[in-house]
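So the structure is just underneath, and the comments pick up after that.
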Amino acid sequence: MLELTLEGVTKKYGDKKAVSGVSCTLGQGVYGLLGANGSGKTTLLRMICGILEATEGSIRYGGSRIGELGAEYRRVLGYLPQDFGYYPEFTAKRFLLYLAALKAMPKEEAEARTEELLEMVELTREKGKKIKTFSGGMIRRLGIAQALLNSPEILILDEPTAGLDPRERIRFRNIISSLSKCRTIILSTHIVSDVEYIADEILLMKEGALLATGDMGRMLEMVRGKVWECIVKPEDTERYQAYFNVSNLRNTEEGVRLRIVSDTRPMEEAQPADPDLEDVYLYHFRER
């Protein structure tokens, strides 16, 4: 499949840079775009989708600028925005058939594709119900289905699990994993576990720029030797939380066990611990 290449992509609003000099090449697989709210993730995705135009730099698909490809690029693109719009009075099936008609899909093909997608996102039994009766998880699954109507090679998902309960998030992640063959999937989120479980590569974004890219192993190496565990007295817990980045706190019979992310050993008794992606996130995105 063709690669999606970003070269120095920048988006300015006046003197402010919402996205600053992003460069990367994306092929097949799931890419987790991880960053705090306001880090520029949505702006970057909207440029990749062609909704916004980059102030500087270029976005190319198969070597050609996406603006020059026009409708040809839109045919290989599927997009689930953070605020997914739908018609509440429509049934799930009618909604998908309506969108298929807008994409000029032949009627028989649209009917077959709609049934296939409803089954894939586990909404077959609810296809005749109005969308206004759906839970948040069901609406997000319907959003995935609409993004896949044209069998896209590039699938863009902006905060797809926001507001979902743990069970729906697991179901959603499983769907995304099953779609990763022969596709480029970009999953933007600030929920660490969504990226940790399904991303082949992680793009760490902060203040509009890519801070780091790599697989899980590389991300963890960034904070190896910077994660510590120690036991403190309950009355000292608040002081440690105020001074250090505490990623976890647990009461035990011996005292309060703290997991601390710090460049230096927080106390003589602290022992090094194996890092996880949550530690990486806390190290880069919390004030120290």
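Overview of values
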quantity: Size of charge dipole - the stretch 171-262 - debye, nearest 20, with Cβ of Lys, Arg +1 and Asp, Glu -1, no other charges; calculated: 280 debye
quantity: Subset of K41/K181; K181/K206; K41/K132; K11/K107; K103/K132 violating a 32 Å alpha-carbon distance limit; calculated: K11/K107
quantity: Probe 1.4 Å, protein heavy atoms only - accessible area per residue of the stretch 61-181 in square angstrom; calculated: 51 Å²
quantity: For the stretch 150-166, 3J(HN,Hα) per residue [Karplus equation, 6.51 cos²θ - 1.76 cosθ + 1.60, θ = phi - 60°, Hz, x = Gly/Pro]; calculated: 8, 6, x, 8, 10, 10, 10, 10, 9, 6, x, 9, 4, x, 8, 6, x
quantity: Fraction of antiparallel bridges per DSSP, the chain only, in percent to nearest 5; calculated: 65 percent
quantity: Student exercise, the chain dipole from Lys, Arg, Asp, Glu Cβ charges, in Debye to nearest 20; calculated: 1000 debye
quantity: Cα pair distances in the stretch 88-147, grouped into 5 Å bins until the bin that holds the longest one, percent each; calculated: 4, 22, 35, 24, 12, 3, 0
quantity: Rotationally averaged projected area of the chain (alpha carbon convex hull; nm²); calculated: 17.9 nm²
quantity: Calculated diffusion of the stretch 167-288, Stokes-Einstein form, Kirkwood radius summed over Cα pairs, 37 °C and 0.692 mPa s, µm²/s; calculated: 204 µm²/s
quantity: Residues with amide H under 5 Å from that of L33, placed H, sequence gap 5 or more; calculated: L187, S188, T189, L203
quantity: The stretch 197-256 and the stretch 66-94: distance between their alpha carbon centers, rounded to Å; calculated: 37 Å
quantity: Max mean-square fluctuation residue, GNM over the chain, Cα-Cα springs under 10 Å, options E111, E159, E201; calculated: E111
quantity: As computed over the stretch 1-89, the Cα convex hull volume per residue (Å³); calculated: 135 Å³
quantity: The stretch 39-186: radius of gyration and largest Cα-Cα distance (Dmax), Å; calculated: 15.6, 47
quantity: Fraction of accessible area attributable to carbon and sulfur, the chain (%, probe 1.4 Å); calculated: 45 percent
quantity: Gaussian network model of the chain, Cα within-10 Å springs - most flexible of A270, A242, A212; calculated: A242
quantity: Amide H partners (placed H, <5 Å) of A209, local residues excluded; calculated: S20
quantity: Probe 1.4 Å, all protein chains present, accessible-area order of R169, R239, largest first; calculated: R239, R169
quantity: Two-site label geometry, E235 and Y197: point separation in nm, points 7 Å out along Cα→Cβ; calculated: 4.3 nm
quantity: With DNA, RNA and ligands ignored, accessible area of M105 (1.4 Å probe; Å², nearest 10); calculated: 30 Å²
quantity: C-alpha center-to-center spacing [the stretch 10-28, the stretch 105-133] in angstrom; calculated: 36 Å
quantity: The chain: angle of helix 136-147 to the longest principal axis, Cα-based, in degrees nearest 10; calculated: 50 degrees
quantity: Area accessible to solvent at M120, 1.4 Å probe radius, in Å²; calculated: 60 Å²
quantity: With DNA, RNA and ligands ignored, accessible area of C182 (1.4 Å probe; Å², nearest 10); calculated: 90 Å²
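The values are calculated or read from the model by the stated rules, or taken from the named source; none is laboratory data. On a predicted model such as this, the values are computed, not experimentally measured, just so you know. Because the Cβ atoms are built from the backbone with ideal geometry, glycine has one as well, and the counts that use them run over all protein chains shown. In case anyone asks, the SASA skips ligands and DNA or RNA and just uses the protein heavy atoms, side chains included. Shrake-Rupley method; radii C 1.70, N 1.55, O 1.52, S 1.80 Å.
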